[in-house]
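Colleague: Please read through the structure below; I'll follow up with questions.
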Amino acid sequence: MNSYSSYIVVILFQTNFRGYSDAEFTKQLLDWKELFDIGSEVHDRSEQTLEVDGENQWPEGMPEFKDSMVKFFDNMHSIADVLMKTIFSSLGGDPLIFEKDFEGSKESSLLRLNYYPICTDGNGHLGVGPHSDPSALTILWQDMEVSSLQVERDGVFYDVYPLKDSYVVNIGDMVQVWSNGLYKAPVHKVLVNHTSPRYSLPFFYCPSYRCNVEPLETCISDENPCRYRPINWGLYRKRRFEGDYADVGEEIQIKHYLI
């Protein structure tokens, strides 16, 4: 057992996608990292939520860890809610549609604790392979000591250096669909480090599992006709979870919903 999992001995299973794992895949390639996934502690959670991502699995004997993470989750959700309302408004979206689509966002959103061990193997490993986030919005805290995050633009990857007292914010696939392709979810990856471990805490802000994400009417025009079929977020998220922890073939992407 490695040093990280000796402290958090909670294993993530196929029937519960919360907890610890050291075997996440990005597009069928194993990432060089360990993670611990945390959802909300909302009571009376819906059956659909339990079916899609399960329940939190807290390590025994560490009550301060649970308390800190629950508080951090709630704070990140509040920040993301404000940011997403602003993005939705910039697209001309009806506030009532926003309230309906994100009514259950606290149940469906996710806090992840990432640990990237030192990698002395030079066989082309990546902390996380190139991907865009499936969520609506991601807020990321980065380790100040190690810079490994890169974002793609015009086919070239650029470093995203950590800045003190700041977060990295990027939109996800669902905003790309809502905007009908006007806003692009950035492709990014995480490099391995040969001398130092790295930590990061991304918060993934997501719509309700009942939500059917489709281009907003304000983003459809003769010049930019509707590009995507509706995507049920609960089904989409479940299929992405399944591809995250096992090689189930080609991973579901929003390109599969193109018209």
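The values are calculated or read from the model by the stated rules, or taken from the named source; none is laboratory data. For clarity, every value in this text was computed on a predicted model and none was experimentally measured. Every residue, glycine as well, gets a Cβ built from its backbone with ideal geometry; the counts of neighbours run over all protein chains shown. What goes into the accessible areas is simple: the full protein's heavy atoms, side chains included, and nothing from ligands, DNA or RNA. Shrake-Rupley method; radii C 1.70, N 1.55, O 1.52, S 1.80 Å.
Colleague: Scan the stretch 35-47 and report the pairs whose first residue is hydroxyl-bearing (Ser, Thr, Tyr) and buried (at least 17 other Cβ atoms within 10 Å of the Cβ) and whose second residue is modelled with pLDDT of 70 or more and assigned to a loop (DSSP other than H, G, I, E, B), with Cβ atoms within less than 8 Å and a gap of 6+ or a chain change.
Modeller: SER40/SER109
Colleague: Just to be sure I understand, how many residues within the stretch 209-227 are buried (at least 21 other Cβ atoms within 10 Å of the Cβ) and touching a residue at least 40 places away in the same chain (Cβ under 8 Å)?
Modeller: Number satisfying all stated conditions: 3.
Colleague: Would you mind stating whether SER135 is of a type outside the set (D, E, K, R) and part of a loop (DSSP other than H, G, I, E, B)? Explain how you work it out, then say what you get.
Modeller: On the way: of a type outside the set (D, E, K, R): yes; part of a loop (DSSP other than H, G, I, E, B): yes.
Yes.
Colleague: Could you check the stretch 167-215 and list, in sequence order, the residues that are aliphatic (A, V, I, L, M) and under 29 Å from THR120 (Cα atoms)?
Modeller: Applying the first criterion (aliphatic (A, V, I, L, M)) to the stretch 167-215 yields 168-169, 171, 174-175, 177, 182, 185, 187, 190-192, 201, 213.
Matches in the stretch 167-215: VAL168, VAL187, VAL190, LEU191, VAL192, LEU201.
Colleague: Right, something else. Against the definition (open to solvent by 50 Å² or more (accessible area, probe 1.4 Å), in contact (Cβ under 8 Å) with a residue 24 or more places away in the chain and within 25 Å of PHE25 (Cβ to Cβ)), how does GLU55 come out, yes or no? Talk me through it step by step, then tell me what you get.
Modeller: Working: open to solvent by 50 Å² or more (accessible area, probe 1.4 Å): yes; in contact (Cβ under 8 Å) with a residue 24 or more places away in the chain: yes; within 25 Å of PHE25 (Cβ to Cβ): yes.
Considered against the rule, which asks whether it is open to solvent by 50 Å² or more (accessible area, probe 1.4 Å), in contact (Cβ under 8 Å) with a residue 24 or more places away in the chain and within 25 Å of PHE25 (Cβ to Cβ), GLU55 comes out as yes.
Colleague: Oh, and also: Considering only residues of the stretch 179-208 that are open to solvent by 20 Å² or more (accessible area, probe 1.4 Å) and charged (D, E, K, R), which is nearest to GLU34 (Cα to Cα)?
Modeller: This residue is LYS189.
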